[in-house]
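Data block below; observations after.
The values are calculated or read from the model by the stated rules, or taken from the named source; none is laboratory data. This structure is a prediction, so every number in the text was calculated from the model and none was measured. Please note: Cβ atoms are built from the backbone with ideal geometry, for glycine as well, and neighbour counts cover all protein chains shown. Heavy atoms of the whole protein, side chains included, go into the accessibility calculation; ligands, DNA and RNA do not. Shrake-Rupley method; radii C 1.70, N 1.55, O 1.52, S 1.80 Å.
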Amino acid sequence: MNSTERLLIIVTDILEITGRGIVPWPVVPHALVGSEQGERLRPGDQLELRRPDGSVTRVKLCGLEWPSPGKGGLILRLEASVRKKDLPLGTEIWRVSEAQ
């Protein structure tokens, strides 16, 4: 595993938010969002969706949002092209480096 790869969450549910698309659940714990400049999770980062069937798709992180009420982490907002069928339960979402 590349040292810049980090497992963020394993999808246990998908929330659909009108006007915003889908949101994988659970939240990313604050400890995995990172505080170091090179480690900080931020919009534009490359993510990999590693599905239970072994298929892998790369997507961009569009944003991080605070859930209300707070849940101890941040919500991942993925690019609009990602659909519910793209995120079967058990999908691992990893942050990966740009160059691989």
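Miscellaneous remarks
- Percent accessible area from carbon and sulfur atoms, the chain, protein chains only, probe 1.4 Å: 54 percent
- In a DSSP loop and with at most 15 other Cβ atoms within 10 Å, the GluC sites (Glu not before Pro) in region 9-100 are Glu36, Glu39, Glu79, Glu98.
- For Thr57, net neighbour charge (Lys/Arg +1, Asp/Glu -1) across residues whose Cβ lies under 13 Å away: +1
- Net charge, Glu48 excluded, C-beta distance under 9 Å - Lys, Arg +1, Asp, Glu -1: +1
- Per-residue ellipticity at 222 nm from helix content only, as computed over the chain with -39500 (n - 2.57) for each DSSP H run of at least four residues, stands at -500 deg cm²/dmol.
- q = 0.14, 0.16, 0.18 Å⁻¹: log10 I(q)/I(0) that the Debye formula gives for the chain, counting C-alpha atoms only: -0.48, -0.63, -0.82
- Among the trypsin sites (Lys or Arg not before Pro) found in region 18-100, those both in a DSSP coil and sparsely packed, with 15 or fewer other Cβ atoms within 10 Å of their Cβ, are Arg20, Arg40, Lys71, Arg83.
- Across region 1-90, C-alpha contacts under 8 Å between residues 6 or more apart give a mean separation that, scaled by the residue count, equals a relative contact order of 31 percent.
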